[in-house]
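The values are calculated or read from the model by the stated rules, or taken from the named source; none is laboratory data. Since the structure is predicted, the reported quantities are computational estimates derived from the model, not experimental observations. Methodologically, a virtual Cβ is constructed for each residue, glycine included, from the backbone with ideal geometry; neighbour enumeration extends over all protein chains shown. The accessibility values were calculated without ligands, DNA or RNA, using every heavy atom of the protein model including side chains. Shrake-Rupley method; radii C 1.70, N 1.55, O 1.52, S 1.80 Å.
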Amino acid sequence: MGRVFHLVDVFAESPLSGNQLAVFTDGEGLSASEMQRIAREINFSETTFVTGGPDANGGVPVRIFTPAEEVPFAGHPTLGTAYVIREIMGLGRDETVLNLAVGPIRVVERTSGGTSRLYMTQNSPTFGETMTADEAASLLGLEPGDVRDDLPVQAVSTGLPFFIVPLRSLKALQRAWISSRSTARDHLASRDAQQVLVFTTETHDPECQLSVRVFCPDLGVLEDPATGSGNGCLAGYLVHHNALQSEEIRVVVEQGMEIGRPSRLYLEAERAPGGGIIVRVGGRVIPVACGEWY
């Protein structure tokens, strides 16, 4: 018998939306090279591998691969894998802990109005270098005036770094694009982050407060439908810069609208009593299929 894998849609409000994820529940014994080749074959934004039973801290060891490389942390793979560990493997029902390369990440379930969502607490964000509005506009194929000048373009990380770019309008967001051309990738290669998240307060859906797009050409993902790690960085950024005139935020984000994978993410962030910023990102996980890898 081959290795079993499960397909789930993460940050999805209905099946066949959100961000696709393949979870291998028996990744033990696979080499990093084999995992990478499988992830490239599946060609989702990420594929995860559960590589053993619970560790001493009760957490389950998990590795995350994009089509191009292994990453230390990513949001939708964390929630999607936590769902499979809880609901299919029957582990960590009260609190699911994933032991990732960035350390243990805790996931809990909340139910509101009959809808169940999983929430992860990410590492406290760190803030890196800034980029000028002109640089960001050039990188994204936009006009300098499309980038807001009242907030910085800044690299932020909760485990995987992203440049956060504030845009003035939904139209600017829809025009934004980072191609796989070498000049764009070379420009980002020497910076604190190679991934880019753009956001605006104008939205398609009036139930959402922010609209987001994410570009990760360096990871082999030209555009990501739903990005928990990037949105965690955004949540920390919003608090750090008081961008919504509050040091405690609860916002709903839409993503993936431009590529036919509508997604919804629930962001929470506030100042921690001892310093730093607490970041939580939540959403629904919907099982789609299961299969066997020969």
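Some observations on this one:
- Expressed as a whole percent, the accessible area of the chain that falls on carbon and sulfur atoms is 48 (1.4 Å probe).
- Over the chain, Cα pairs under 8 Å with separation of 6+ residues give a relative contact order of 21 percent.
- The value obtained for region 24-182, namely the Cα convex hull volume divided by the number of residues, is 163 Å³ per residue.
- Rounded if a/c under 1.5, otherwise prolate or oblate - region 116-224, Cα gyration tensor axes: rounded
- An oblate overall shape is assigned to region 1-71, the ratio a/c of its alpha-carbon gyration tensor axes (a ≥ b ≥ c) being 1.5 or greater and a/b not exceeding b/c.
- Alpha-carbon centroid distance for the pair region 113-181 / region 30-92, whole angstrom: 26
- Dipole in debye (nearest 20) - region 176-294, about Cα centre, beta carbon charges: Lys, Arg +1; Asp, Glu -1: 120
- Based on the convex hull around the alpha carbon atoms, the chain presents an average projected area of 15.1 nm².
- Among 217-224, 18-25, 126-133, 61-68, sorting by the average number of other beta carbon atoms lying within 10 angstrom of each residue, highest first, gives 18-25, 61-68, 217-224, 126-133.
- Shape of region 139-294, Cα gyration tensor, a/c cut at 1.5: rounded
- Residues of the chain: accessible area per residue with a 1.4 Å probe, Å²: 40
- About the centre of its Cα atoms, region 195-248 shows a dipole size close to 120 debye [charges on the beta carbon of Lys, Arg (+1) and Asp, Glu (-1) only; nearest 20 debye].
- Simple point charges give the picture: +1 on the Cβ of Lys and Arg, -1 on the Cβ of Asp and Glu, and for region 1-143 a dipole about the Cα centre of about 500 debye.
- Checking every one of the chymotrypsin sites (Phe, Trp or Tyr not before Pro) in region 179-260 against DSSP loop status and a limit of 14 other Cβ atoms within 10 Å picks out no site at all.
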